[in-house]
Structure formats: C-alpha cells, structure tokens
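Note sheet for the following structure.
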Amino acid sequence: MADITDSGTAASKFGPRKSSWKYIGPGIVVAATGVGAGDLVATLIAGSKFGYTLLWAAVIGCVVKISLAEAAGRWHLATGRTLFEGWRSLGRWTTGYFAVYVVIWGFVYGATAMSSSALPIVALFPDGPGLKTWAVITGLIGLVFVWFNQYAVFEKVMTVLIGIMFVVVVYVAIRVAPDVGASFAGLLPVLPDGSLLYTLGLIGGVGGTITMAAYGYWVNAKGWTNTGWMKVMRLDNRVAYITTGIFVVAMLIVGAELLHASQIALTKGDQGLVDLGAILEERFGATTAKLFLVGFFATSFSSLIGVWHGVSLMFADFVERWQLDRKGVPVDEGTVAEVAAGRRERSLPFRAYLLWLTFPPITLLFLDQPFGLVVGYGVLGAFFMPFLALTLLWLLNSSRTPAEWRNGKLSNTLLAAGGLLFIVLCVQQVRDLPW
C-alpha cells in the first residue's frame, strides 16, 4: 500500500523504486541555509584579490561538502537514529559540548542573522526605519513563520528564496561578462602568493555550518526514514552542493571581473554586499543594483529561517535524548519516523529554542555584541566543523552502522581530508580572534 510523502508523490513506505528529481527538497533547504551573506562576501573578496585563480578550490569545497552532508543523511537512513543519538553513543562529552555550543552560538548567531537580513532592506528603503528596527522585524517574522508552519511549507518557501538567490547571482555574473578562458584556467590547482588562507576558506567555508548536521533531520522531516530513500537522498544532496558551487563560481566571477581589474576593495562582513550594490548601480544602473539587493535579502533571510527551523530540530532532539538518559529509558527506533510527522516541530524544546534564537539576541543588537560573547561564539563555531567531520568518520566506520552502509574508501578519504582541513581552519580562526 502506498503512502503520501511531503512531496505529495505516492511512494512505497520502503522508498521509491528509483531516485527522481521530483523528490528533491532537503538539499535545497540545506543549500539555501548554508550559504549566507558573509560567505558570498568572502568569495567576492577572494575573486577580487586573485581573479579566477582559486576557482578549483571552490570545486573541491563542493565535493567535501557533498561527502559531509551525504554522511549525515546516510547515518539517519541507515540506522534509523538521529545524529545526536549517534553523538551520544560516543560518550557524554558530546552532550556537554553540544549543550554549551548550541546556547552560546544561537545567542550570537540570532543577532548576526537578523542584522544581515536587515541590511539589504535598509539599502532598498533608506528613508524607512533604521537597521536595528528592521533586524527585530525580520527576526520576529522568522519566529512566527517557523512557529506556525511545518516542514512542507518551510521547504516550499526555501525553494522560492533559493530560486531568487540563484537567478540574481547568475544574472549578475552574466552581466559582468565573464572571461570564459580565464575561468577554465582557474580549474588548475595553483596557489598564488598569500592565497593559502583564502584557498582553505573557499574549500571549507562556503555552505559549511551547523546546518550540514541538520541535513539528516530535514531528510527525516521530509518523510525519508529508511534505506529505501538512500539513492534519492544522494541525488538530493548532490543537487544541493552543485547549486552551492554555482553560487560560489558566480560570485568569484563578479569579484574577478568587477573588482579585481579595478582594484576595488569591499568592506568585510555583510556590509560588503551593500558596497557591491553601490558598485553595480554605478556600472549597470539602479535596476540591477536593486535586483541584487533583493537577492542579498533572499540569501540572508533563507539562512535565518533555515537555522530557526533546523537547529531548533536538533535542540529538540538533544533535550529528548537528555530526558531519556535521565530516566534510563532506551531509545525507541520509532523516534525518527515520528519526526517526519512533525512531532518535534510542535514540541516545547523546539519552540523554546526558537524563542532563544529571537528574543535574547535582540539585546545584542543594542549592545553591539559584548566582547566575551564574540570570542566564545568564534571559538565554538571554529570547533564545530572538525567535530562534525571526525565524529561522522567515527560513527560510520563502527558497528553502530549496518555493515553495508559503512564508509567506503572514498567516503573515508573525503571525510578525513575534510576533518584535517577544518582543524587547520579552526586553528587559524582561533588565532585571529580578538583575544
């Protein structure tokens, strides 16, 4: 007997007979969430400094992200358990780390996401309310949207936002008239002087956040709960990071063509995209500039509601595991299937974390992010991606995973390489913090 998944398509409860584009969804969500305004600025700056030379690094970065997200999704489907259940099986230290991380990270990220979403609105409507007012408004809209809508509606809205992002970024890249020959030459691995950190950042940074860990939760929320969906998940994941790769390549083109030749410097951080809007207006007119700012908003707001939803799901799972551990109750394998029905999206911990992401960070908008919190956020954030890569490597090579779904040589190589890369980036990020 067939059942209806969130995609509205009839499929066997054991999964579809073959993978198909019509099932794609969680990958679109993770791509829209993972690529934020700051990532686009970092890519633009790399293009402005080194032209097309680091294009190869962006391609390698997409391959690394595909391996990480595939590993997270494979764990959920192969074991019938969530990623946090896997972490918990590695020892109580994972619970302690995640508890501290998710509290401090969420507090500071909430303010960052709201400010990033407000910046393009202020640029589009300079005579309206100020940045802090718009930041609060975007945060409250995100809260209300995620609070009252479950995964199916959330996915549709994220698909619209990533569609806007895609069209705008590719349109701007075409407008600046890319040098096709130079872009192909950029696929050859070359390291210009002073480019090492930019190269590592391109490989490890764009689309690499806690939302990669949330991918498995979105897979379950879609209704994919067993290995019958494995081929679909893998297609979905590849689409996600190929889309991310197109974003990265397009922004490198803009940086190389619009900024590199003219030696124009952008402001670091999200403000750099407002600078780019002004440059686009001068070069191509107000219409292109405003269109770009709309794409900037779609990029930022999709990251906001993606984190509001995905990390809240992870927090709800964390609380559930903690409560079961306190009671000494073994984990029921039926838990994952219940996630697809939306139980966690209606739970008290899910909504409590939504409130945590929204209201306490509003105070930071007016306190300009106290020094200690910025340092704590930077340290914990730097350590998360190595934690994710290396724990997935551990889980997927152990008896916790059914033998047929454990890592092969390619998965092990990519996860190990990603783990080492993220450790290097972690050390560099910690060194660069304003201690």
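The values are calculated or read from the model by the stated rules, or taken from the named source; none is laboratory data. On a predicted model such as this, the values are computed, not experimentally measured, just so you know. As a convention, Cβ positions derive from the backbone with ideal geometry for all residues, glycine included, and neighbour counts pool all protein chains shown.
Structure data summary
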quantity	calculated
Residue list for segment 278-326, restricted to those being under 14 Å from P349 (Cβ atoms) and β-branched (V, I, T)	V311, V319
Unmet criterion (only one of (1) of a type outside the set (S, T, Y); (2) touching an Asp or Glu at 6+ places or on another chain (Cβ under 9 Å); (3) in contact (Cβ under 8 Å) with a residue 40 or more places away in the chain) for R92	(3)
Hey, G106 under 21 Å from the mean Cα position of the chain (by Cα), at pLDDT 90 or above and either of a type outside the set (G, A, S) or more than 30 Å from P189 (Cβ to Cβ) (or both) or not	yes
Lone qualifier among T243, T199 - being in a helix (DSSP H, G or I), surrounded by fewer than 22 Cβ atoms within 10 Å (Cβ to Cβ) and at negative phi	T243
Selected residue (only one of A352, A389, A403 is within 20 Å of W93 (Cβ to Cβ) and either at pLDDT 90 or above or aromatic (F, W, Y) (or both))	A389
Members of segment 200-227 that are touching a Pro at 6+ places or on another chain (Cβ under 9 Å) and over 20 Å from E155 (Cβ atoms)	T227
Residues satisfying the stated conditions in segment 269-319, i.e. out of contact with any Phe, Trp or Tyr (no Cβ under 8 Å at 6 or more places or on another chain), touching a residue at least 40 places away in the same chain (Cβ under 8 Å) and of a type in the set (D, E)	D270
Looking only at segment 73-108, and only at residues there that are in a helix (DSSP H, G or I) and of a type in the set (K, R), the one that is surrounded by the fewest Cβ atoms within 10 Å (Cβ to Cβ)	R92
Members of segment 342-364 that are farther than 20 Å from A113 by Cβ, of a type in the set (G, A, S) and within 22 Å of the chain's Cα centre (by Cα)	G342
Unmet criterion (only one of (1) hydroxyl-bearing (S, T, Y); (2) surrounded by 24 or more Cβ atoms within 10 Å (Cβ to Cβ); (3) modelled with pLDDT under 85; (4) more than 30 Å from V274 (Cα to Cα)) for T5	(2)
Output for segment 109-128, where each listed residue is outside any helix (DSSP H, G or I) and either buried (at least 24 other Cβ atoms within 10 Å of the Cβ) or modelled with pLDDT of 90 or more (or both)	F125
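Conditions (1) closer than 27 Å to Y101 by Cα; (2) at pLDDT below 90; (3) part of a helix (DSSP H, G or I), marked per residue:
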| position | (1), (2), (3) |
| --- | --- |
| A265 | no, yes, no |
| G269 | yes, yes, no |
| V274 | no, yes, yes |
| K290 | no, no, yes |
| L304 | yes, no, yes |
| E338 | yes, yes, yes |
| P361 | yes, no, yes |
